[in-house]
1. Quick check on segment 11-49: of everything there that is surrounded by 19 or more Cβ atoms within 10 Å (Cβ to Cβ) and touching a strand residue (DSSP E or B) at 6+ places or on another chain (Cβ under 9 Å), which residue is farthest from V79 (Cα to Cα)?
2. Quick one: K124 ticks every box in (1) part of a loop (DSSP other than H, G, I, E, B); (2) at pLDDT 75 or above except a single one, so which number is it?
3. If you go through segment 18-29 one residue at a time, do you hit one that is over 28 Å from C189 (Cα atoms), at pLDDT 90 or above and not charged (D, E, K, R)?
4. Scanning for something acidic (D, E), in contact with a strand residue (DSSP E or B) (Cβ under 9 Å, 6 or more places away or on another chain) and in contact (Cβ under 8 Å) with a residue 60 or more places away in the chain, does segment 58-79 turn up at least one residue?
5. For L87, state whether it is of a type outside the set (V, I, T), modelled with pLDDT under 85 and not assigned by TED's automatic domain parsing to the domain that holds V166.
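The values are calculated or read from the model by the stated rules, or taken from the named source; none is laboratory data. All figures in this text were calculated on a predicted structure; none of them were measured in a lab. Every residue, glycine among them, receives a Cβ derived from its backbone with ideal geometry; neighbour counts consider all protein chains shown.
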Amino acid sequence: MSDKAEDHPDVQRLLAAYQRLQETSLTLLALTAQISDLGPYGTEELPDALTALRSLVEQEFYVHELAEVLRSVSCAYTVDPLAALRLGGEDPLALTGAIMMIRGTLSQLDELGELFQLPVLTVKLPVDLGWEQRQPGGCRCACQFFHQAPGVCLRAGQPGLFVRVVSRQVFSPEPAEVETGMVVVCLDCYQAIAARQDGVASGQQ
């Protein structure tokens, strides 16, 4: 059995679910921006829930924060597929479809459970690299070293997504590999590292 993150079925399910939530949120906001009256679509809480969602996606956020806001949107949205047909036009159907996808994804995340931990990825560097977190809660991925992307990441780190960095002290009298500890990274960097790295640590924190 492979120990690579991309071959781990539960990792794939979680990452795919997280990605769907982000993508569907953007679709949802684009659709609702074209609707002047949200009254027929749900309760009086729906506009405020959508405003909270729009505010969240315009800034750095954690996936669990997005999930909680989307739960509020889902609860406030009361149109089912049959009612969407009665409303007429393509927008109600597309909007209801997006809500149903969000509900399905949230249900999948609930099934996986909060106790499930994604594997801690291991990144081996040929040189000793000291990387300081840019700010509390920030992604600590040195992208050009970790997964060969330009620069460093300026997004928010995602709770539960960790990378264990092992570097080599080349200038030491006795060169040796040293573990510099775990750093939290964002979802995009975690996926990029998972696609490139050779193996996954046990998940122990």
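1. Out of the qualifying residues, it is V11.
2. Failing condition for K124: (1).
3. Within segment 18-29, not a single residue is over 28 Å from C189 (Cα atoms), at pLDDT 90 or above and not charged (D, E, K, R).
4. Looking for residues that are acidic (D, E), in contact with a strand residue (DSSP E or B) (Cβ under 9 Å, 6 or more places away or on another chain) and in contact (Cβ under 8 Å) with a residue 60 or more places away in the chain, one finds at least one in segment 58-79, hence yes.
5. Yes.
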